[in-house]
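Structure first, commentary second.
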Amino acid sequence: MDKLQVPIWLLEKQETFLHNKHQPKMKSSQVDFDASRKLNCPEQDHAGVSVNQQYGICNAGGYKCFSCKINRRGFVEKTVEAIADVMREAFFAEQLAGQPGLLQSIDARIKVITTLLLIIVAGLTHHAVTLITFNVWILWLTKVSHIPLKMFIKRIWLVVPLFTGIIVLPSIFNIVNPGDPLLALFHTGHSYHLGPWTIPETVTITYQGVAGALVLVLRVGASVSLAVLLTLTTRWHVLLKALNMVFVPQVFISVLEMTYRYIYLFLQTASDMFVARQSRTVGRTSTKEQRHFVSGAMGALWNKAFSMSEEVHAAMVSRGYNGIPRAYVSFKASGMDWMWMGFMVFVSLIFLGGDRLFVR
Amino acid sequence: MSGEILFELKNVSFHYPSGEEALLDIDLNIYQGEKVVLLGANGCGKSTLLKILDGLLFSQEGVIRAFGELLNEKNLNKDELNYGFRQRVGFIFQNSEVQLFNSSVWEEIAFGPVQMALDTTEVKQRIDDIIALLGLEHLKDRPPFKLSGGEKKKVALASVLSINPEVILLDEPTNGLDPRTQRWLINLIKQLSRAGKTLVTATHNLDIVEEIADRVVVFSENHRLAAVGKPAEILSNRELLLGVNLVDEHFHRHAHDGNHRHYHAHE
């Protein structure tokens with residue numbers, strides 16, 4: 001075999017790292033040094049941290065410290081962190097579903113059915129007080145299932161009011177829904193007619209509007225809480241199997257399963273691509289260069305996904321798949337599960353009955 | 001060679017839709033109960049041949065018979081033949097990632113038997129047995145994407161063994177495994193062979209060839225069969241290995257006390 005012809009530049013030794021005089025110029029602002037050669041780091045307090053006098057290498061160490069040297073993180077770093085966050089979240093969710101707790105110990109099928117039942121109860125409830133009590137009761141369920149309450153409340157009650165609130169916002173004004181005034185906003189002097197709408201003399205927020213909006217937000221909040229609680233306390237693959245029991249077609253479930261299975265692989269691949277690029281990048285790159293890289297990475301990932309899908313299909317065919325997915329489902333509902341079912345029906349009746357009393 | 005012929009390949013050629021040649025004029029028989037190693041440099045067509053043997057790719061030229069039946073697309077589309085063939089042949093892919101497409105290890109092992117519509121009590125029994133055999137008890141509820149490379153390979157093996165195939169095709173099984181897991185795998189292959197399974201392994205890891213082969217089939221870089229013979233004959237034929245670009249001129253082997261030999265290259 002021929003000897004490799006190694007180019008001469010590949011054999012040249014680099015100067016010692018710290019004495020390298022040919023450091024590439026960074027475009028971003030670097031760490032400032034004042035006359036006393038102390039590190040002025042705008043983002044972090046490095047009091048007491050030793051600083052290399054000559055070159056200003058901060059020994060606080062770690063990535064954060066590097067991030068304060070190049071003080072704005074680029075797109076690539078943010079993407080890598082976002083991907084890591086998704087993975088962490090999934091890991092955390094799986095841990096929650098696996099830990100001992102009230103809802104975790106209930107058979108998944110029973111949980112799916114009772115969740116549907118409770119969502120119907122939320123839909124049938126008319127009164128805000130009943131719905132508030134219902135939501136507090138859901139928080140109790142969360143607590144006894146050892147789901148961190150703070151995280152749960154943040155996940156539901158930061159998002160639901162925002163999105164549902166926007167939808168119901170117009171209905172609280174008497175322009176859309178006439179009613180008893182709660183708060184007068186401004187007085188126009190005359191009422192105007194704009195097509196089907198009438199703008200009254202005094203534009204007000206109405207009692208009926210606010211009550212209606214509140215009920216809707218609380219209903220959506222309760223329904224989303226129940227759905228999130230179900231997913232947080234049930235392992236994903238068990239949940240999918242349970243959905244099969246409530247007449248969700250097997251093909252649909254198989255597609256969901258595979259999506260969930262491979263999304264992490266592709267997240268990992270994307271993360272690897274970004275990290276590999278980061279490790280070969282010195283200084284900062286322009287937005288144009290980053291865009292160029294991202295479009296290239298998307299293409300590469302697409303190709304990878306495509307060739308992989310063929311291989312996965314081959315692997316399935318090899319093990320007997322002939323276009324009709326089958327699943328082995330074995331659930332055993334114990335006495336405890338049936339008791340839970342009974343308890344849920346009882347709770348539903350209590351809430352619906354209580355709601356009727358309020359309406360009267 | 002004694003034993004019934006399980007696979008019979010006559011003048012088999014395969015090229016990809018792009019026109020790229022993968023196999024040319026292959027004549028080969030695989031006999032029941034033997035251990036065959038397909039040896040060759042990267043890109044010589046070993047993996048393609050395994051996929052053809054598993055009825056995942058179909059050659060454009062030549063004839064392949066498996067268990068006495070013609071192995072072609074038309075025949076494999078027949079439910080009965082497909083069922084019988086899939087039950088008899090298992091394939092361990094080089095990339096375990098593509099083979100582990102279920103959401104938990106337990107379901108992964110169950111997939112084959114369930115697709116083959118086995119009785120649920122038998123499915124459960126098989127899974128429990130395989131989990132005990134390969135020591136996967138602690139992994140059974142885990143999603144496959146969170147496993148290490150060695151664990152993935154074990155689960156991939158379990159998922160194929162649960163079908164109880166007569167023939168097991170292994171594509172580069174030791175790639176990316178640590179020495180301990182490699183040793184475990186080789187021992188398992190030997191055990192399976194003793195249990196009467198037919199094993200066809202594609203590899204370029206010369207160190208393991210003697211242990212996992214009764215017969216070695218060497219491929220040349222021009223996608224043809226270069227030689228077929230006993231492992232000792234093939235591995236001592238330095239000219240042959242050089243010719244198919246599997247080793248360089250520094251390749252030699254060391255014999256240690258007992259029967260152990262190993263192959264390597266250094267200047």
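The values are calculated or read from the model by the stated rules, or taken from the named source; none is laboratory data. None of the values given here were measured: they were computed from a predicted structure. Here Cβ is always computed from backbone atoms with ideal geometry, including for glycine, and neighbour counts include all displayed protein chains. Note: accessible area is taken over every heavy atom of the protein model, side chains too, but ligands, DNA and RNA are not part of it. Shrake-Rupley method; radii C 1.70, N 1.55, O 1.52, S 1.80 Å.
With both bridge residues required to lie in the protein assembly as shown, what share of the DSSP beta bridges run antiparallel, to the nearest 5%?
65 percent
If you count, for each residue, the other Cβ atoms within 10 Å and average over each peptide, how do B:154-161, B:30-37 line up from highest to lowest?
B:154-161, B:30-37
For B:Arg142, enumerate residues with amide H under 5 Å from its amide H, sequence gap 5+ or separate chain, H modeled in the peptide plane.
Answer set, sorted by chain and number: B:Val105, B:Trp106.
Only bridges with both residues in segment B:5-263 count here: give the DSSP antiparallel percent, nearest 5.
55 percent
Need one word for segment B:5-263: rounded, prolate or oblate. Basis is the Cα gyration tensor (sqrt eigenvalues a ≥ b ≥ c); a/c below 1.5 gives rounded, then a/b vs b/c decides.
Judged from the Cα gyration tensor, segment B:5-263 comes out oblate (a/c at least 1.5, b/c at or above a/b).
Express the carbon and sulfur contribution to the solvent-accessible surface of segment B:118-265 as a percent, rounded to the nearest whole number, probe 1.4 angstrom.
Carbon and sulfur: 46 percent of the exposed surface of segment B:118-265.
Just checking the output field for B:93-100: average partner chain Cβ neighbours within 10 Å of each residue's Cβ?
5
With every protein chain kept in place and ligands, DNA and RNA left out, what is the accessible area per residue of segment A:260-360? Probe 1.4 Å, answer in Å².
62 Å²
Summing both sides, how much accessible area is buried between A and B? Use a 1.4 Å probe and give Å² to the nearest 100.
3100 Å²
Using a 10 Å cut-off on Cβ to Cβ distances, tally the other chain neighbours for every residue of A:320-327 and report the average as a whole number.
6
Sorting check: for B:89-97, A:94-102, which peptide has the highest mean count of neighbouring beta carbons within 10 Å, and how do the rest follow?
Result, highest mean first: B:89-97, A:94-102.
Order B:Asp119, B:Asp248, most accessible first, counting only protein heavy atoms with a 1.4 angstrom probe.
Ranking B:Asp119, B:Asp248 by accessible area, largest first, yields B:Asp119, B:Asp248.
With all protein chains present, calculate the accessible area of B:Ser47 using a 1.4 Å probe and round the result to the nearest 10 Å².
40 Å²
Work out the mean other chain Cβ neighbour count within 10 Å for the residues of A:253-264 and drop it here as an integer.
So the per-residue partner count for this stretch is 3.
With every protein chain present, what is the per residue accessible area of segment B:133-267 (1.4 Å probe, Å²)?
45 Å²
Give me the percent of accessible area attributable to carbon and sulfur for segment A:106-188, probe 1.4 angstrom.
Accessible surface attributable to carbon and sulfur in segment A:106-188 totals 76 percent.
Quote the FRET efficiency, to the nearest 0.05, computed for B:Asn72 versus B:Glu21 with a Förster distance R0 of 22 Å and r equal to the Cβ-Cβ distance.
That pair, B:Asn72 with B:Glu21, gives E of 0.65.
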